[in-house]
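First comes the structure, then the notes that go with it.
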Amino acid sequence: MNLFKSLTKKKAGGGALSGKLLNLDAFQLRVEAQVGEGGFASIYRVVEVRSKEVFALKHFRTGGEQDALDDALHEIEVLRAVSTCPDALHIWAHQVSEDGEDVYALLDYCQCSLPTFQQQHPVLAEKTIFEIFGAVCRAVHCLHSMSPAIVHRDIKAENVLLHSEGHWVLCDYGSATTQQKVHGSAAEIAAAEEDIRRHTTPAYRAPELWDLYAREFCGTAADVWALGCLLYNLCFGQLPFDGEAKLQILNGSYKIPSSARHRGFAKIIERCLAPKPAQRPSATDLLEATHALEGLVAQGAGGG
């Protein structure tokens, strides 16, 4: 199938697809500019020719490798699974080229990532923290409520986006897994360690993922740990752990800044960053605690 045809005039922004037309299911898309790049995928801003609606197009380049194709299709499968969750990035259509070397996913267009937003707003208002953290918690709750439960595994500020309609969404489901277990043999641990290295970010990585020989259960609680790191970042503009601080992470050793701000949030962070996964709240518990704190703050009875 011939997916693309050149436009008579190229658009600024670079990228192999810029200035082309793409027919993707019922969508007729004009590729305007490349807006992101990472790994084996590029992100483009595209416009639906008839409706003039703006979308994002994710172009996976598999190089003909079956593993890369499987990874792209896995991410699309998870996106489909969470498509009813308003706090998860929405997928509208996808297509695989006949030779399997290119996969295209049509997604909601977002204004910017959370780190970019934080650069523009170094100190976040409590209302904004509730909006961002609440949205990510709801998306994670949706993942964990699936049967079987889905573990995102790479929750971090870079994977939180401000939607073009003004709300926040969680993105990047390529690292998600349904596997939850205690790893057994040395060979199994070695394979799992490589998988964890590829699919998680060190500064957000839970203690049980750093030391598989501790034989702790690896599952949804790892996402809750990452949520604690994210909330710390939202409140204090930095992460609780450096990416190389393995011993600090294993011991749950971090400091809450001494300012009086965000005392209520600090209690939630403390629960999320419990070193033992069994001691952390579930996503449901976390949503309830956040909602309760938001109510107290609204009434002036407690500090965020």
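The values are calculated or read from the model by the stated rules, or taken from the named source; none is laboratory data. In this text, all values refer to a predicted model and were calculated from it rather than measured experimentally. Every residue, glycine as well, gets a Cβ built from its backbone with ideal geometry; the counts of neighbours run over all protein chains shown.
Can you tell me which residue is nearest to the chain's Cα centre (by Cα) among those in the range 74-129 that are free of Cβ contacts under 8 Å to residues at least 40 places away in the same chain and assigned to a strand (DSSP E or B)?
Applying the filter and picking the extreme gives Ile91.
Suppose we keep only residues that are in contact (Cβ under 8 Å) with a residue 40 or more places away in the chain and among the charged types (D, E, K, R) within the range 280-296. Which one would you say is surrounded by the most Cβ atoms within 10 Å (Cβ to Cβ)?
Arg280
Quick one: would you say Glu165 is surrounded by fewer than 15 Cβ atoms within 10 Å (Cβ to Cβ) and over 30 Å from Leu293 (Cα atoms)?
Answer is no for this residue.
Of the conditions (1) modelled with pLDDT of 95 or more; (2) over 21 Å from Leu162 (Cβ atoms); (3) in a strand (DSSP E or B), Arg45 fails just one. Which one is it?
With respect to (1) modelled with pLDDT of 95 or more; (2) over 21 Å from Leu162 (Cβ atoms); (3) in a strand (DSSP E or B), Arg45 is out only on (2).
Going by what's in this entry, would Gly184 be described as part of a loop (DSSP other than H, G, I, E, B), more than 17 Å from Gln279 (Cβ to Cβ), within 20 Å of the chain's Cα centre (by Cα) and among the small types (Gly, Ala, Ser)?
no
Out of curiosity, is Ala192 surrounded by 15 or more Cβ atoms within 10 Å (Cβ to Cβ), of a type in the set (A, V, I, L, M) and out of contact with any strand residue (DSSP E or B) (no Cβ under 6 Å at 6 or more places or on another chain)?
yes
Give the residue that is surrounded by the fewest Cβ atoms within 10 Å (Cβ to Cβ), with candidates limited to residues of the range 27-71 that are closer than 13 Å to Leu17 by Cα and charged (D, E, K, R).
Glu37
Assess whether Leu247 counts as being among the aliphatic types (A, V, I, L, M) and in contact (Cβ under 8 Å) with a residue 40 or more places away in the chain.
no
Only residues that are outside any loop (DSSP other than H, G, I, E, B) and free of Cβ contacts under 8 Å to residues at least 40 places away in the same chain: list them for the range 130-158, please.
Across the range 130-158, the qualifying residue is only Glu131.
What is the number of the single condition among (1) surrounded by fewer than 21 Cβ atoms within 10 Å (Cβ to Cβ); (2) within 30 Å of Arg197 (Cβ to Cβ) that His152 does not meet?
Just one mismatch for His152, condition (1).
Please find, among Leu89, Leu170, Leu162, the residue that is in the same structural domain as Thr220 (by TED's automatic domain parsing), modelled with pLDDT of 95 or more and either of a type in the set (Asp, Glu) or within 23 Å of Phe40 (Cβ to Cβ) (or both).
Leu170
So, in the range 243-279, of the ones that are of a type outside the set (Val, Ile, Thr) and under 25 Å from Leu161 (Cβ atoms), which residue ends up surrounded by the fewest Cβ atoms within 10 Å (Cβ to Cβ)?
Ranking the qualifying residues of the range 243-279, first place goes to Gly243.
Could you tell me whether any residue of the range 258-276 is touching a helix residue (DSSP H, G or I) at 6+ places or on another chain (Cβ under 6 Å), under 24 Å from His152 (Cα atoms), touching a residue at least 60 places away in the same chain (Cβ under 8 Å) and in the same structural domain as Gly134 (by TED's automatic domain parsing)?
yes
Any residue at all in the range 216-228 that is over 29 Å from Arg80 (Cα atoms), assigned by TED's automatic domain parsing to the domain that holds Gln279 and in contact with a helix residue (DSSP H, G or I) (Cβ under 6 Å, 6 or more places away or on another chain)?
Yes: one or more hits.
Looking only at the range 59-73, which residues are touching a residue at least 12 places away in the same chain (Cβ under 8 Å) and closer than 12 Å to Gly174 by Cα?
Phe60, Ala68, Leu69, Asp71, Ala72, Leu73
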